[in-house]
Amino acid sequence: MTSFLNEQTPAMASPAELRALIESRRAVRRFTPEPVPDAVIRDCLELAVLAPNSCNLQPWSFQVIRDPALLAQLHPVCMSQNAARAPLIIAVLARPDTWRQACRNVIDYWPEAEVPARIRSFYSKTAPFQYNQGPLGLLGLFKRQLVRLMGVRKPLMRKPNSKADMRLWAVKSTALAAENLMLAFQSHGYATCPMEGFDEPRLRRVLEIPRQAIPIMLLAVGRQGEKGVYNPRLRFPLEQQVIWR
């Protein structure tokens, strides 16, 4: 029975263990120079991409920066903040432009011998129509008018139907992956700091980021240094932010 449970039942952290991990994560601003092992980085990235995401199209990519010369170039790009002196920085990028290849990848990498007909149909017909906005967004404009008419009679999924919708779509899923990534590093004993303070045009030049990719954060990673956490944790009262119905 024990063997069966180990194979069939997903392993779960206890609520107390999960709370301890989440509560221990802080935005750390100072790091030691100790490098982060490649095996740890890979393990954390593998956990990052297990994040839930829209239609399983996984609209994200990551640049892992360990080279000291490149890290030195990034420091002024990140407004010379202390966290940008970390021994590892991961650029977390949302990719609203990769949906076509992702539709093909779902079919190519399907984890069973036979791809179900409904899956093949969705990723070869439905999803391409849903995510394609057309030249200059004209197909998206047409779809917005279409759903307005059809939505009079029944509930519909009305987005993404514009270039802006596609950017938001990709950013939402990528943010979930970024949280997985931070908690994964925390579980290995490495601190992180998600940095949004950077000069995006300079960042794009330094890292040669594709034009349609969206840098949503630079994640500084390393062992926590002395006085790495600046202030006590502050969160607003839950009652201000939650409505119970």
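The values are calculated or read from the model by the stated rules, or taken from the named source; none is laboratory data. Fair warning: this is a prediction, and the values are worked out from it, not measured in the lab. Cβ atoms come from the backbone with ideal geometry, glycine included; neighbour counts cover every protein chain shown. Side chains are part of the model used for accessible areas, which takes the heavy atoms of the whole protein and leaves out ligands, DNA and RNA. Shrake-Rupley method; radii C 1.70, N 1.55, O 1.52, S 1.80 Å.
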- prompt: Do we find a residue being closer than 18 Å to C55 by Cβ and β-branched (V, I, T) anywhere in the stretch 146-169?
  reply: yes
message: Given (1) more than 25 Å from the chain's Cα centre (by Cα); (2) of a type outside the set (K, R); (3) not in a loop (DSSP other than H, G, I, E, B), identify the lone condition not met by L156.
response: (3)
field: Residues located in the stretch 12-62, provided they are under 25 Å from H75 (Cα atoms), within 12 Å of the chain's Cα centre (by Cα) and not in a helix (DSSP H, G or I)
entry: W60, S61, F62
field: Scan of the stretch 63-75 for residues that are open to solvent by 80 Å² or more (accessible area, probe 1.4 Å) and part of a helix (DSSP H, G or I), ordered by number
entry: P68, Q73
query: For the stretch 160-180, does any single residue satisfy the condition of being in a loop (DSSP other than H, G, I, E, B), free of Cβ contacts under 8 Å to residues at least 12 places away in the same chain and either in contact with a Leu (Cβ under 8 Å, 6 or more places away or on another chain) or open to solvent by less than 40 Å² (accessible area, probe 1.4 Å) (or both)?
result: no
statement: Residue set L138, L168, L183, L149; condition touching a helix residue (DSSP H, G or I) at 6+ places or on another chain (Cβ under 9 Å), among the aliphatic types (A, V, I, L, M) and farther than 17 Å from R100 by Cβ; output residue L183
task: Could you run through the stretch 114-138 and say how many residues are in a helix (DSSP H, G or I) and either open to solvent by 60 Å² or more (accessible area, probe 1.4 Å) or modelled with pLDDT under 90 (or both)?
output: 10
task: Give the residues of the stretch 139-159 that are open to solvent by less than 100 Å² (accessible area, probe 1.4 Å) and not charged (D, E, K, R), sorted by residue number.
output: L139, G140, L141, Q145, L146, V147, M150, G151, L156
